[in-house]
1. Kindly list the number of the only condition in (1) of a type outside the set (Phe, Trp, Tyr); (2) modelled with pLDDT under 50; (3) under 20 Å from residue 249 (Cα atoms); (4) surrounded by 13 or more Cβ atoms within 10 Å (Cβ to Cβ) that fails for residue 21.
2. Restricted to region 223-250, and to residues that are of a type in the set (S, T, N, Q) and at pLDDT 95 or above, which residue is surrounded by the fewest Cβ atoms within 10 Å (Cβ to Cβ)?
3. I need every pair where a residue in region 116-129 that is at positive phi has its Cβ under 7 Å from the Cβ of a residue that is assigned to a helix (DSSP H, G or I) and at pLDDT 95 or above, sequence separation at least 6 or different chains.
4. With respect to residue 179, is the statement that it is surrounded by fewer than 23 Cβ atoms within 10 Å (Cβ to Cβ), touching a residue at least 60 places away in the same chain (Cβ under 8 Å), at negative phi and outside any strand (DSSP E or B) true?
5. Would you be able to say whether some residue in region 234-252 is touching a Lys or Arg at 6+ places or on another chain (Cβ under 6 Å) and β-branched (Val, Ile, Thr)?
6. When the residues of region 29-64 are narrowed to those that are part of a loop (DSSP other than H, G, I, E, B) and of a type in the set (S, T, N, Q), which ends up surrounded by the fewest Cβ atoms within 10 Å (Cβ to Cβ)?
7. Among the residues of region 150-170, is any assigned to a loop (DSSP other than H, G, I, E, B), on the phi < 0 side of the Ramachandran plot, aromatic (Phe, Trp, Tyr) and crowded, with 20+ Cβ neighbours inside 10 Å?
8. Would it be correct to say that residue 166 is farther than 28 Å from residue 38 by Cα and of a type outside the set (Val, Ile, Thr)?
Amino acid sequence: MPCGWRSIGRRALYGFAAALTLGAASAETTPYLVVDADSDQVLMQNEATAPWYPASLTKLMTVYVALDAVRSGKLTFDTPLVMSARAARMPPSKMGFRPGTQVTLDNALKMLMVKSPNDVAVMVAEGVSGSVEAFAGDMNADAQRLGLHESHFVNPNGLHNPDHVSSARDMAIIARALLREFPDHADLFGIGAIQLSGRYIANHNGLLGRYPGADGMKTGFTCPAGFNIVASANHSGRRLIVVVLGAPTAKLRNQEAADLFDRGFAMGGGGSGSPESLPAGSGAPPNMRADVCLHRNAALVAAAEDEIAEPAQATGDSGGRGGSPFPNPFAALLSPVARTELPDGKIRFDPVPVYIGPAPGWKGPVLGAHGMKTETAVETTRARTFSAEKATALANAQEGDGAAAARPSSQLKLKAGRHSGKSTPAHKTAKRVGEKSAKKTPSSD
C-alpha cells in the first residue's frame, strides 16, 4: 500500500509539473478560436481579438464582397472579368495570366479559394468595384456592417501591408457570415483541387480529405503573418469554425486546427458567449518573420504553403501551440479527448474544371479596372481560347471524367452546387502559354 501511495504521489507531482509546463506554453501561444457556428458560442479561445496580419485569409472577405455584389445584381457568376496590367504584376502566388485575359467570376472564385492567386484577387476587385482602392472601401464597409472590430483592409489578397490587419475573432465572423448568408455556395470553400487545361492544382488546406468532416475554408501565409487558417468541419450536423493564426509551419497549423476541432466536438453546447462579446483588441500586430522565415532557405520559404506533409523540423511538432521543441509526455494524461493525427502524404482529389475566356454565348458586359479597354481584351482572349466542345473533350480525355455536363451560360440567381466538379464542366481552357504561373517567392500567400 505505501508503494501505491508513493506511486500516486509521484503521478500527482508529475501531473502538476506537466500542468505548469502547459501553462507556460499557453502564455506564449498565438491566437486561436473555436466557435460553434449554429449556437454562435465561443467554445475556446486565446488572444482571439489580438490584431494580426491575415495574409490570404483576406480572400474570404474578397469572396464575401463579390458574392454580395452578385446578390445585389451588380454582376453575375458568368460575368467576364479582365486581367489588368496592375493585377498581372502581383507577386506570387498567382495564375500568371497575361493582361487582357478574361476569366468569369465563377472560375475566378474557384481559383481564388484553391490556388490563392494574388493576381486573380486584384482582377476580382477591379471587376467588382473598378479599382483595388474602391474594393478595399467596399471591404471595410462590409466589415463595419458585419461588426468586425480589429479589421482594416487595404487590398483584396492579403499581401503584407502594415495597415492591413484583422483578428481571429473577425475572421470567424466573416466565415460565419459566408456560411449563413450564402449557404448555396459553401462548397466553394471545400474544393480539393481544380484543373485548368490539364494542369492539376491542389488546395493548400491540409485538413481537406484528412480530418473527418472538414469542408473548408481558407489558408494564408506570409513571413510576417506566419501560417494561418480558417477551417470548418461538420460532425453529425454540428458545425464548428476554427481559426489558428501565426503557426510556425503549415504542418503545425493543420494539426493544431485538428486538435481544436477534436476538443470542440467533445464539448457540449455551452460556451462563453458570442464572438462579438469578446473584448476588443488593441495594439500593432507582431511580425513573425524571425520565427517563421529567418532560419529557412529560400526554397523552403517559396514552397511554404505546400508543407502539408513536411517532416518534423527543428522547431518540433508538439501538436500544440508555441512550437515547443519537446513534445509533452503528459498531454494524453491531462486530456481524455481522442486526438486525430493528420496523415502525411498528398491526397489526390477529383478536380473541378475551370477555364479562361467568356462563358459560351455570353452577350453581357465585360468588367475590369476603370478605364480599361475591355473590347480589345475580349478579342485577345477569344483568340487564345479553345471552343467549348474542344475544352470539354480535352478535360474528359485527361481526367477520364465523362460525366461532365454543361451549365446555363448566365445565372442571376445564386444556385446550389455550381462549384462542384459534377455540375460545372470546363467549357473553355487556356493555352499553356497563357496559364503558366510564376515561381513562388517569400511574399506569396
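1. Here residue 21 meets the rest and fails (3).
2. Taking region 223-250 and keeping what is of a type in the set (S, T, N, Q), we get 228, 232, 234, 236, 249.
Next cut, at pLDDT 95 or above only: 228, 232, 234.
Numbers: 228: 31, 232: 26, 234: 16.
Looking at residues that are of a type in the set (S, T, N, Q) and at pLDDT 95 or above, I get 234.
3. Taking only residues 6 or more apart or on different chains, the pairs are 116/56; 116/59.
4. Yes.
5. Quick first cut of region 234-252, residues touching a Lys or Arg at 6+ places or on another chain (Cβ under 6 Å) only: 244, 247.
This time we only want the ones that are β-branched (Val, Ile, Thr), so: 244.
Yes, the conditions are met somewhere in region 234-252.
6. The first filter runs over region 29-64 and keeps only residues part of a loop (DSSP other than H, G, I, E, B), leaving 29-31, 37-40, 47-51, 53-54.
This time we only want the ones that are of a type in the set (S, T, N, Q), so: 29-30, 39, 49.
On the way: 29: 16, 30: 24, 39: 13, 49: 20.
Per the criteria, the residue is 39.
7. Our first condition is that a residue be assigned to a loop (DSSP other than H, G, I, E, B); within region 150-170, this holds for 150-151, 153-164, 167.
With on the phi < 0 side of the Ramachandran plot added as a condition, the list becomes 150-151, 153-157, 159-164, 167.
Remaining after also requiring aromatic (Phe, Trp, Tyr): 153.
If we keep only those that are crowded, with 20+ Cβ neighbours inside 10 Å too, we end up with 153.
So far as region 150-170 goes, yes, one or more of its residues are assigned to a loop (DSSP other than H, G, I, E, B), on the phi < 0 side of the Ramachandran plot, aromatic (Phe, Trp, Tyr) and crowded, with 20+ Cβ neighbours inside 10 Å.
8. Working: farther than 28 Å from residue 38 by Cα: no; of a type outside the set (Val, Ile, Thr): yes.
Taking the combined requirement at face value, the residue does not satisfy it.
The values are calculated or read from the model by the stated rules, or taken from the named source; none is laboratory data. Being a predicted model, the structure only gives us computed values, none of them experimental. Counting neighbours? That spans all protein chains shown, and the Cβs are built from the backbone with ideal geometry, glycine included.
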